[in-house]
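The structure under discussion appears below in the form of structure tokens.
Values in this text are rule-based calculations from the coordinates and carry no lab data. Quick caveat, the model's predicted, so the values are computed rather than measured. Every residue, glycine among them, receives a Cβ derived from its backbone with ideal geometry; neighbour counts consider all protein chains shown.
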Amino acid sequence: MRAVVLENYGGVEQLVIQEVPDPQPQAQELLIKVQTTALNRADILQRMGLYPAPPSQYEIPGLEFAGTVQEMGSKTTGFKIGDRVMGIVTTGSYAELLTVHYQQAMIIPKDLNFQEAAAIPEAWLTAFDALVDKGNLQKNQTCLIHAGASGVGTAAIQIAKRLKANVAITTSEKKIKTCVDLGADRAINYQQEDFVEVTKEWTKGKGVNVIIDLVGGGYLQRNVRAISTKGTIVQVGLMGSGKPELDLGTLLRKRITLIGTVLRTRSTEEKITLTQNFSELLLKDFKKQFRTVIDSAFAFEDIPEAHTRMENNLNTGKIIIEIS
């Protein structure tokens, strides 16, 4: 099969397609013919050598996929050859084939195409986990979502509105309309407004109940100022710069919960549980309730250009790669 193999770390020139042996499914695995994958910030960090994948003979980036079942292990159930499926993987979706535990695979709703499906797994599972499991966001509470126009951000807006929460987001001016159209109640232009002051006014001095932060860096201390008493900050990304600082006195006084979370390092069992919970609660009739936000699509051979677009923060929503 063809796959992007990282032999060295660095710039986009390291994203080289090679011929490598086809993977073989274990007893509880499906062999997937990958149709599409999608970019994530973690892919860029991995390419730069800053987000290592588990050791393997070939280091193939990629955290999510949409494709068809080509082979099934002897202990898999609930699938058949040719089923259209999507899901998350620890690594390996920049390839024509991959293997995945069958319980991590989700049947693609019939009204979604492969591009739309590839935009779901990593972003929507991350947002669902951050808001529902980690953040415990409740009806009528307030939520601040940083990087609201990112893949995770656009998913989080819609999930938070499904929970009947009030949503504020931070983004750049040109991306505000997308976030408002998805349901954001207050869009904050981070280039011109101070989100701490805006959210204080928006919540009448109470602070927001839940913050979902994909930025990190200098945002940490500002999040502590913006959060409510007994509020929860969920750190799910590190897009930003600046040295993180933390006022422990305020953290204690407000009784703030600060949670860090990623999907890659979780056990297979944890990933299965998250996948199944998401499938049961949100995946049914997905297109009738939610919409994926796709920024652009690139051919397999053009992955370097896709990485450049994301690194320059030009995308609104997900960047899709057509594998086959």
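Taking springs between alpha-carbon atoms closer than 10 angstrom, which of 141, 70, 191 fluctuates most in the Gaussian network model of the chain?
Per the Cα network of the chain with a 10 Å cutoff, 191 tops the list.
For the pair residue 180/residue 18, report the inter-label distance in nm, with labels modelled 7 Å from Cα in the Cβ direction.
A separation of 4.9 nm, rounded to one decimal place.
Compare 36, 265, 91 in a GNM of the chain, Cα atoms joined below 10 Å, and give the one with the largest fluctuation.
Looking only at 36, 265, 91, the biggest GNM fluctuation is shown by 265.
Could you derive backbone 3J(HN,Hα) for segment 284-291 from the dihedral phi with the Karplus parameters 6.51, -1.76 and 1.60 (θ = phi - 60°), listing whole Hz in sequence and x where the residue is Gly or Pro?
Couplings: 4, 6, 3, 5, 6, 9, 9, 9 Hz.
Which order results if 146, 101 are arranged by neighbouring Cβ count within 10 Å, fewest first?
Neighbour counts put them in this order, fewest first: 101, 146.
Taking the alpha-carbon set of segment 124-260, what are its Rg and Dmax in Å?
My reading of the Cα-based Rg and Dmax gives 13.2, 38 Å.
Using Cα springs under 10 Å in a Gaussian network model of the chain, which residue among 279, 56, 267 shows the largest mean-square fluctuation?
56
Using Cβ contacts closer than 10 Å as the measure, can you line up 293, 180 from fewest to most?
Lowest count first: 180, 293.
Search the structure for amide H atoms under 5 Å from the amide H of residue 318, placed 1.01 Å from N in the peptide plane, and list their residues when 5 or more places away or on another chain.
Excluding prolines and chain starts, which carry no amide H, the hits are 293, 294, 295.
All other residues with a Cβ under 11 Å from the Cβ of residue 107 taken together, and with Lys, Arg as +1 and Asp, Glu as -1, what is their net charge?
+3
Let's test the formula: R0 of 30 Å, r as the Cβ-Cβ distance of residue 266 and residue 139. What FRET efficiency results, to the nearest 0.05?
The formula returns an efficiency of 0.60 here.
In a shell of Cβ-Cβ distance under 14 Å around residue 316, excluding residue 316 itself, what net charge do Lys and Arg (+1) and Asp and Glu (-1) give?
Neighbour charge sum, excluding residue 316 itself: +3.
Taking amide H positions as placed in the peptide plane 1.01 Å from N, state which residues far from residue 108 in sequence (5 or more) or on other chains have amide H under 5 Å from it.
The answer is 84, 85, 86.
What ³J(HN,Hα) values, in whole Hz, does the Karplus curve 6.51 cos²θ - 1.76 cosθ + 1.60 give for segment 315-324 when θ = phi - 60°, with x put for Gly and Pro?
Rounded to whole hertz, the list is 8, 10, x, 8, 9, 9, 10, 7, 7, 8.
What nm value, rounded to one decimal, do you get for the distance between residue 172 and residue 311 when each label is placed 7 Å out toward the C-beta?
With each label point 7 Å from Cα toward Cβ, the separation is 1.6 nm.
Provide, as a two-decimal number, the C-alpha radius of gyration of segment 1-153 over 2.2 N^0.38 Å, N being how many residues it has.
My calculation over the Cα atoms of segment 1-153 gives 1.11.
In segment 133-213, which trypsin sites (Lys or Arg not before Pro) are in a loop and have at most 14 other Cβ atoms within 10 Å, using DSSP for the loop call?
Loop-located and lightly packed - 139, 164, 204, 206.
Return P(r) of segment 250-324 (all Cα-Cα pairs; 5 Å bins starting at 0; whole %; ordered from short to long distances).
That works out to 3, 11, 12, 11, 16, 21, 16, 6, 3, 2, 0, in percent per bin.
Looking at segment 181-285, which GluC sites (Glu not before Pro) are in a loop (DSSP not H, G, I, E or B) and have at most 14 other Cβ atoms within 10 Å?
193, 245
Amide H to amide H, which residues 5 or more places from residue 16 or on other chains are under 5 Å from it, using H placed in the peptide plane?
HN-HN under 5 Å from residue 16: 5.
Take peptides 167-173, 296-302 and line them up by average Cβ neighbours within 10 Å, highest first, as a rough protection proxy.
167-173, 296-302
Take residue 280 and residue 200, extend 7 Å from each Cα along the Cα→Cβ direction, and tell me the distance between the two endpoints in nm.
So the label points at residue 280 and residue 200 sit 4.3 nm apart.
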